[in-house]
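One structure below.
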Amino acid sequence: MPMPHEPESFPQPEPDSTPRQSADAAANADSNAQADSAEFADLGAPAEIDTEAAAAVVAAMSSTQRGRSFGRLTDTAAFMAACQGKVPAEPLRQPRVVIFHSALASPAPGSSDPGVSVPRSSATGSNGASSLRTPESQTAADDIAAGSAPVTTLARTHGAGVRLEEIPTDGAALEFGRSIADSEIDAGADLLIPGELTEGFSVEAAALFGAITKTEPVALASLEASLTTKQWQADVTAIRDHMFRFRRFPANLLDLVRECQMPTVQSLVGFILQATSRRTPVLVDGCLATVCGLIAEKIVPGTQPWLRSAQLSPEPAHIQAVQQLGLTPLLAFDLTTGQGTGGVLALSALNAAIELVADEVYAITDAINAHNHGARSSGELL
């Protein structure tokens, strides 16, 4: 397959280009975040993770040569210890994937009528999708319900449950996401993986990230996902048009989420915020879920410590959102499958970290106890 030529109308972004933001934009973002946090107080503030538990795991593992050899497995196990408040962390009993999908189409760029759909050709690239109800998304939903989707196949082998939820059309998607998180946690879920039906490059996710971070559209279109220069240019244009639509909404980020007419985004943000307020770790996978995690952190600072990045895709908005959250992905398989697939795949690394580090911590503890017992016995003989 021929590689795309250099774009003629748009400059090619550098692979490691960083979002370009003005000082005024950053200041406005900070003030808006404070307002969002105050307004969201009635919906539940995030609980604090147990930093002492995490520090105890790191200290124990740092005390032996084998423990030091575990690298980022230690950090992963320390994260789970901090979330559980236990040293070492206990194995996951009930990880759950919750996939949201909407029966409503998003409004077309520049349209205020939520009934006006964005044609697939203008909303996304040829291999992309948004939160629109399309034949492809309906097929994905049917596959999940039938247990034949990639996420359900992986879930069966990784001990995870999968739940597919269609978002009601009553305009209360944010609260709906919160209620689903509550029902999962009440039923015993000890780790949550939010997902949506997007497969491939998501223009909506890129545009949403660009709108909240003031990033140029040209830095958010994926050269890898675009099969041709013309398609890449079309993606840049679509991102720009979607970002322009966001200008109609309030500067306050929570108000933007409430009024953006993107039910999947609203549900994911509400789901993540409620999960973290109830001391439940969240594995974010894919561009849209990660961008929603960033939005949740901006609305209610303190959400981020409960988040872990499952895997990294090649989408520029995904890479930049992970960087802004200060997360290190567990995997980097370039997946753009969506549906929480990467999150389920990352469970193997997460469970391995918990098991190996727990064994090492117990071994270190037994050695310390044996040493102390021997020292006491020697003292008694003297």
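The values are calculated or read from the model by the stated rules, or taken from the named source; none is laboratory data. Bear in mind the structure is a predicted one, so any value in this text is a computation, not a measurement. Note that each Cβ is placed from the backbone with ideal geometry, even for glycine, and that neighbours are counted across all protein chains shown.
Data for the structure
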read-out	value
Test for THR198: is it closer than 28 Å to ILE319 by Cα, buried (at least 19 other Cβ atoms within 10 Å of the Cβ), of a type in the set (Ser, Thr, Tyr) and touching a strand residue (DSSP E or B) at 6+ places or on another chain (Cβ under 9 Å)	no
Residue count for segment 162-173, restricted to those that are closer than 21 Å to THR198 by Cβ and either of a type in the set (Val, Ile, Thr) or surrounded by fewer than 22 Cβ atoms within 10 Å (Cβ to Cβ) (or both)	8
Test: residue in segment 201-216 that is β-branched (Val, Ile, Thr), at pLDDT 95 or above and out of contact with any Pro (no Cβ under 6 Å at 6 or more places or on another chain)	no
Count of residues meeting criterion [assigned to a loop (DSSP other than H, G, I, E, B) and hydroxyl-bearing (Ser, Thr, Tyr)] in segment 331-342	2
Complete set of residues in segment 201-224 that are buried (at least 22 other Cβ atoms within 10 Å of the Cβ), out of contact with any Lys or Arg (no Cβ under 9 Å at 6 or more places or on another chain) and not in a helix (DSSP H, G or I)	PHE201, SER202, LEU220, ALA221, SER222
Selection status of THR157, assigned to a loop (DSSP other than H, G, I, E, B) and of a type in the set (Ser, Thr, Tyr)	no
Test for THR237: is it in contact (Cβ under 8 Å) with a residue 24 or more places away in the chain and outside any strand (DSSP E or B)	no
Top-ranked residue of segment 57-103 - restricted to ones that are free of Cβ contacts under 8 Å to residues at least 24 places away in the same chain and assigned to a helix (DSSP H, G or I), ranked as nearest to GLY161 (Cα to Cα)	VAL58
Close pairs (9 angstrom Cβ cut-off, 6 or more residues apart or separate chains): part of a loop (DSSP other than H, G, I, E, B) in segment 262-283, among the polar types (S, T, N, Q) and crowded, with 24+ Cβ neighbours inside 10 Å anywhere	MET262/SER102; MET262/SER106; MET262/SER130; MET262/SER131; THR280/GLN274
Residue in segment 223-239 that is under 20 Å from the mean Cα position of the chain (by Cα), under 24 Å from ALA321 (Cα atoms) and of a type in the set (D, E, K, R) present	no
Any chance GLY374 is modelled with pLDDT under 95, within 27 Å of ILE272 (Cβ to Cβ) and not hydrophobic (A, V, I, L, M, F, W, C)	no
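Residues checked against (1) assigned to a helix (DSSP H, G or I); (2) touching a residue at least 12 places away in the same chain (Cβ under 8 Å); (3) under 11 Å from the mean Cα position of the chain (by Cα):
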{"site": "VAL291", "(1), (2), (3)": "yes, yes, yes"}
{"site": "LEU294", "(1), (2), (3)": "yes, yes, yes"}
{"site": "PRO301", "(1), (2), (3)": "no, yes, no"}
{"site": "PRO305", "(1), (2), (3)": "yes, yes, no"}
{"site": "PRO314", "(1), (2), (3)": "no, yes, no"}
{"site": "ALA317", "(1), (2), (3)": "yes, yes, no"}
{"site": "VAL322", "(1), (2), (3)": "yes, yes, yes"}
{"site": "PRO329", "(1), (2), (3)": "no, yes, yes"}
